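A.B. asks: Next up is a structure, given as structure tokens.
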Amino acid sequence: MGCSSSVPDRASGRSGGLNPENSAADSKNLRVKLVLLGDSGVGKSCIVLRFVRGQFDPTSKVTVGASFLSQTIALQDSTTVKFEIWDTAGQERYAALAPLYYRGAAVAVIVYDITSSDSFAKAQYWVKELQKHGSPDIILALVGNKADLQEKRKVTVQDGTEYAEKNGMFFIETSAKTADNINELFEEIAKRLPRPTSS
Amino acid sequence: MAERSIMLHILEPRRDAYGFALRPQHTHRYREYANIYKEEEEERCYKWKNFLDQVATSFQVCPLEEANTNILQAETSEHKEEIRSRRSSTGDDSTGSNSESVDTTDSSPTKLLEYPIEIQKRVVETWCQIRPSLNAIEIMMSSRVKKKIMKDEKTINGGDHLPPLEEAETLDGTSVANSEEDEACISGSLTRSTSATGAESRMGECMSNSVKPSKRDGVVAERVSHDQLFTWQEELECLVRGGLPKDLRGEVWQAFVGVKTRRIEKYYQDLLDQETNCSADNENNIPSGVPIKLKKQIEKDIPRTFPGHPALDENGRDSLRRLLLAYALHNPSVGYCQAMNFFAGLLLLLMPEENAFWTLVGIIDDYFDGYYTEEMIESQVDQLVFEELMRERFPKLVKHLDYLGVQVAWFSGPWFLSIFVNMLPWESVLRVWDVLLFEGNRVMLFRTALALMELYGPALVTTKDAGDAITLLQSLAGSTFDSSQLVLTACMGFLTVTEVRLVELREKLRPSVLAVIEERTKKGRVWKDSKGLASKLYSFKHDPGSPAEKKKKAAGADAGPCTPNLDDFLSGLAGDSETESLPDLQEQVVWLKVELCRLLEEKRSAVLRAEELETALMEMVTQDNRRLLSARVEQLEIEVAELKKTLAEKKEQEVAMLQLLMRVEQEQRVTEEARINAEQDVAAQKYAVHMLQDKYEKAMASLAEMEKRVVMAESMLEATLQYESGQVKATSSPRSRNQGSAQENQRKISLLPFALGWRDRNKGKSTEEPSE
Ligand SMILES: Nc1nc2c(ncn2[C@@H]2O[C@H](COP(=O)(O)OP(=O)(O)OP(=O)(O)O)[C@@H](O)[C@H]2O)c(=O)[nH]1
Ligand SMILES: [Mg+2]
């Protein structure tokens, strides 16, 4: 199970601090808009449902347009982070609507399925799109899902790690089915959020 | 065992009367409404039966029909079953089972399985005509389909929708509405021709094929006079708004969509054959088959379409797959788009496979033309139109949403694209579809969305952040169980939202969507950048303000209050193009400025034209003063008021009941407490009694012991006395002196037993105690 992070302090490279509309509230309670992107069927909806409801439904529903869920987590330093999660539709033509949802997002989680090279290629497309059109200080996370299907693996951990490193992203492999690394993914994202420089 | 079955019951996701999964948080509310649904269903079955009878007798469309109806009234459900299977096996439409034989009492999922089971039994081609009692409706509705097809022949690519019914009936109507639509058609086809593919002309071919009169049976249409059609239509509209009876729904929908008129014999089977041949022949992406990519997508989505629905077993899924593949072949400009899986699935639950195919064709090709294509243009346009209507209707709410940073399209997008499937409770979804399919356009989509805003707007303005607002709206929409209220609000509350109005707004807003797409396709390398720019343009466009102000902004002259937006936009432009070469950037700036000016100009003129047209329309409306309509509106409004009143009353009652319940509960709690106290007392007392008994027993035991000792002491005393008396006898001299001592002895003896006993007891005690 690969879990590596690259470019330890991304925020230092760019101007830290979040856009007031993306995330807000005081320094103890953060609010973050997060968008999930990736090919259809990679498990975006399953990841969200696992994170928010703690369930895995092997027969999830196709996402039409987008759907919204939110979840708050508490960190060790007693800050709370409220994730406002937009789960988008995966089919290619729905990409036309994606800007509506990723515009102004503080975090984009780009998901692929480790058993599908196509989905990895699609993830790279999304990375490029977001680097160009996402908020300039957007946090990008690359997620290889369905890590429980080791025997069907097509994309190696190394592929994921290397690509993420090259693009200054955080990388993790997860399984919505077994819940492996799901909470870790969001906790890791929460840690990377630039804190509002309190006055 | 029993426990296990209870467990299973809990684990199994709950399903509604249609077999669809209910969200756990909604099961309770659903149960509350189940009875209301049942009552409504009974009422509408009765109304529909009357209506169909009336139509049948006045037009003698099918003289046999009435007799059949009467016979059917007495028929049991077993008979019905038989009839159904007969119908499905022969495709014979002579049975005409009627609405009143709907089994409303039994709404269990198994009942609903009937259709899907039929589907299983059938071979691939499964088509059956709708019952003859619905012929009149079918004829009425198909006139607009014919007109649409005729129009399509003229313009190759048609307008977006079926023409309105009135227009369809007066076949050469020259109303303003008509000319408006024609204009829409022409410009629609012009703009679309830029992105037209060979595929689309293929589709045009298909459509024109289907006009060949030899394949149609519209002969009866001539018999029905237009006047009569009109009165029916009024009545029918009322009935449709009240909802369709469950058992008729599938067939009435087909009549609304004009399935019979659309259908081309063997077309569906040919598509399926073509598909199987292609996939058997060749793995390569040969042009005649469904593209691999779409096939893969369909495969991914089939198991995720109403997962776990009892009817979508393996056979159900095979039907779904065939249906989607056939449609993808039929209309390659759409192919397959996520959301269609749900529509196809829903239709398959209500009708046989080929009927479902033609219904889907009608919905996607006509009602939602341009919605699900690769570019999804019309869908995007509709989002802008809806936002405009929102701003007009609910300025306060929109202001609040703006403040929270919520974009209307975030939630309206999914609503429109899914036609509310999975967004509202099923009963409401079906009721909205009833009206939408009847009307032949997307007006109901807007009206429903506006009704939802009307219902839930007041709650939304209380939210404090974007997340809460969306969450609240999603959950409120998801629990809109009062479908009658929803449909009534939608149909009566937004009468000014008409097709004509929508066509105008679309015309006005389409250019901005097209510009983005045009850009994307025109400049291969740069398209991504321009898309970003365009999306900024989009938000720029959304900046509230008069056209004049915007014009100033566009010129970049004034540093007014709105200019930061433009600055943003320009700096964004610079930022975006860092990687691009400089000339490109300048080109883009120039282009964008020009484009912007053009857009604003267009917008301004469109606004003016819209205003003109609106006043014209208002005049028309007042002239066209249909007292009937307004009377009905009034009546309905009274009904609404009454309903609201009863609702309020019910609520009051509920509150009172709740209070009563609470009081009772409290009392119960008090008595319970008292009971517990009493019980504790009893226990304590029991314990004390027990203790006392113990003590008593012990005391009795010691008493017995003592009695024994007394007896012993007495016998000892007796012995002593005897001994003593012996001695006294032995020393009886001198007698005189002993006289007194004998007396003394006597006294001694009488005292002795007591003394002995007392001594013994003390002694016994001291000896017993240590041993204890
Ligand atoms: N084995 C395994 N299967 C998974 C996992 N996550 C999701 N799946 C399966 O993948 C299917 C698709 O998952 P979804 O979450 O619906 O996919 P999606 O990315 O939301 O797809 P779209 O809504 O079409 O964009 C589900 O039906 C699950 O059965 C996982 O971690 N392991
Ligand atoms: Mg999904």
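A.B. asks: Name the single residue that is modelled with the highest pLDDT among those in the stretch B:716-736 being of a type in the set (Gly, Ala, Ser) and open to solvent by 60 Å² or more (accessible area, probe 1.4 Å).
C.D. replies: So the residue we want is B:730.
A.B. asks: Residue B:379: out of contact with any Ser or Thr (no Cβ under 7 Å at 6 or more places or on another chain) and within 16 Å of ligand 1 (Cβ to nearest atom), yes or no?
C.D. replies: So residue B:379 fails the test.
A.B. asks: Pull up the stretch B:296-313, narrow it to residues that are at pLDDT below 90 and more than 9 Å from chain A (Cβ to nearest Cβ), then point me to the one that is surrounded by the most Cβ atoms within 10 Å (Cβ to Cβ).
C.D. replies: Going through the qualifying residues, I end up with B:311.
A.B. asks: Go through the stretch A:140-151 and count every residue that is away from ligand 1 (no atom under 14 Å from the Cβ) and surrounded by 24 or more Cβ atoms within 10 Å (Cβ to Cβ). Give the derivation first.
C.D. replies: Initial filter on the stretch A:140-151 (away from ligand 1 (no atom under 14 Å from the Cβ)): A:140-142.
Next, only the ones that are surrounded by 24 or more Cβ atoms within 10 Å (Cβ to Cβ) stay: A:142.
Adding up the residues that qualify gives 1.
A.B. asks: Let me ask you something else. Go through A:166, A:154, A:132 for me and flag whichever is more than 15 Å from residue A:109 (Cα to Cα), within 14 Å of another protein chain (Cβ to nearest Cβ) and open to solvent by 60 Å² or more (accessible area, probe 1.4 Å). Give the steps one after another, and end with the answer.
C.D. replies: Details: A:166 fails: within 14 Å of another protein chain (Cβ to nearest Cβ); A:154 fails: within 14 Å of another protein chain (Cβ to nearest Cβ).
It is A:132.
A.B. asks: Out of (1) more than 16 Å from ligand 1 (Cβ to nearest atom); (2) crowded, with 20+ Cβ neighbours inside 10 Å; (3) modelled with pLDDT of 90 or more, the odd one out for residue B:316 is which?
C.D. replies: (3)
A.B. asks: While we're looking at this one, here's another question. With respect to residue B:482, determine if the residue is within 13 Å of another protein chain (Cβ to nearest Cβ) and in contact (Cβ under 8 Å) with a residue 40 or more places away in the chain.
C.D. replies: Criteria not met by residue B:482.
A.B. asks: Continuing with the same structure: Kindly indicate the residue of the stretch A:76-91 that is away from ligand 1 (no atom under 16 Å from the Cβ) and β-branched (Val, Ile, Thr) and also surrounded by the fewest Cβ atoms within 10 Å (Cβ to Cβ) among those meeting that condition.
C.D. replies: A:80
A.B. asks: Got at least one residue in the stretch A:44-54 being near ligand 2 (Cβ under 9 Å from one of its atoms), surrounded by fewer than 22 Cβ atoms within 10 Å (Cβ to Cβ) and more than 12 Å from the chain's Cα centre (by Cα)?
C.D. replies: No, because not a single residue in the stretch A:44-54 is near ligand 2 (Cβ under 9 Å from one of its atoms), surrounded by fewer than 22 Cβ atoms within 10 Å (Cβ to Cβ) and more than 12 Å from the chain's Cα centre (by Cα).
A.B. asks: Can you tell me which residue in the stretch B:322-350 is most open to solvent (accessible area, probe 1.4 Å), limited to those that are more than 16 Å from ligand 1 (Cβ to nearest atom) and touching a Lys or Arg at 6+ places or on another chain (Cβ under 9 Å)?
C.D. replies: The extreme case among them is B:332.
A.B. asks: Quick one: how many residues across the stretch B:286-332 are under 18 Å from residue B:361 (Cα atoms), among the β-branched types (Val, Ile, Thr) and more than 28 Å from the chain's Cα centre (by Cα)?
C.D. replies: 1
A.B. asks: Looking at the stretch B:282-292, is at least one residue at pLDDT 85 or above and either surrounded by 15 or more Cβ atoms within 10 Å (Cβ to Cβ) or closer than 26 Å to residue A:64 by Cβ (or both)?
C.D. replies: If we filter the stretch B:282-292 for residues that are at pLDDT 85 or above, which is where we start, we get B:291-292.
Those still in the list that are either surrounded by 15 or more Cβ atoms within 10 Å (Cβ to Cβ) or closer than 26 Å to residue A:64 by Cβ (or both) too: B:291-292.
Among the residues of the stretch B:282-292, at least one is at pLDDT 85 or above and either surrounded by 15 or more Cβ atoms within 10 Å (Cβ to Cβ) or closer than 26 Å to residue A:64 by Cβ (or both), which makes the answer yes.
A.B. asks: Mind listing whichever residues of the stretch A:42-75 are small (Gly, Ala, Ser) and within 7 Å of ligand 1 (Cβ to nearest atom)?
C.D. replies: A:43, A:45, A:60
A.B. asks: Follow-up. Based on this model, can you work out whether residue A:59 counts as within 11 Å of chain B (Cβ to nearest Cβ), open to solvent by 40 Å² or more (accessible area, probe 1.4 Å) and of a type outside the set (D, E, K, R)?
C.D. replies: It is true that residue A:59 is within 11 Å of chain B (Cβ to nearest Cβ), open to solvent by 40 Å² or more (accessible area, probe 1.4 Å) and of a type outside the set (D, E, K, R).
A.B. asks: If a residue must be surrounded by fewer than 23 Cβ atoms within 10 Å (Cβ to Cβ) and within 14 Å of ligand 2 (Cβ to nearest atom), how many such residues does the stretch A:96-117 contain?
C.D. replies: So the answer is 2.
A.B. asks: Could you identify the single residue in B:357, B:394, B:368 that is more than 12 Å from every other protein chain (Cβ to nearest Cβ), aromatic (Phe, Trp, Tyr) and either farther than 27 Å from residue B:318 by Cβ or touching a His at 6+ places or on another chain (Cβ under 6 Å) (or both)?
C.D. replies: Exactly one of B:357, B:394, B:368 is more than 12 Å from every other protein chain (Cβ to nearest Cβ), aromatic (Phe, Trp, Tyr) and either farther than 27 Å from residue B:318 by Cβ or touching a His at 6+ places or on another chain (Cβ under 6 Å) (or both), namely B:394.
A.B. asks: If you scan the stretch A:64-87, which residues turn out to be facing chain B (nearest Cβ under 10 Å) and within 16 Å of ligand 2 (Cβ to nearest atom)?
C.D. replies: Scanning the stretch A:64-87 gives A:64, A:65, A:66, A:67, A:68, A:69, A:85, A:86.
A.B. asks: Let me ask another. State yes or no: is residue A:34 more than 9 Å from chain B (Cβ to nearest Cβ) and within 13 Å of ligand 2 (Cβ to nearest atom)?
C.D. replies: Judged against the criteria, residue A:34 is not a match.
The values are calculated or read from the model by the stated rules, or taken from the named source; none is laboratory data. Predicted model only: the values in this text are computed from it and were never measured. Glycine gets a Cβ as well: all are built from the backbone with ideal geometry, and neighbour counts include every protein chain shown. Only protein heavy atoms, including side chains, enter the accessible area calculation; ligands, DNA and RNA are left aside. Shrake-Rupley method; radii C 1.70, N 1.55, O 1.52, S 1.80 Å.
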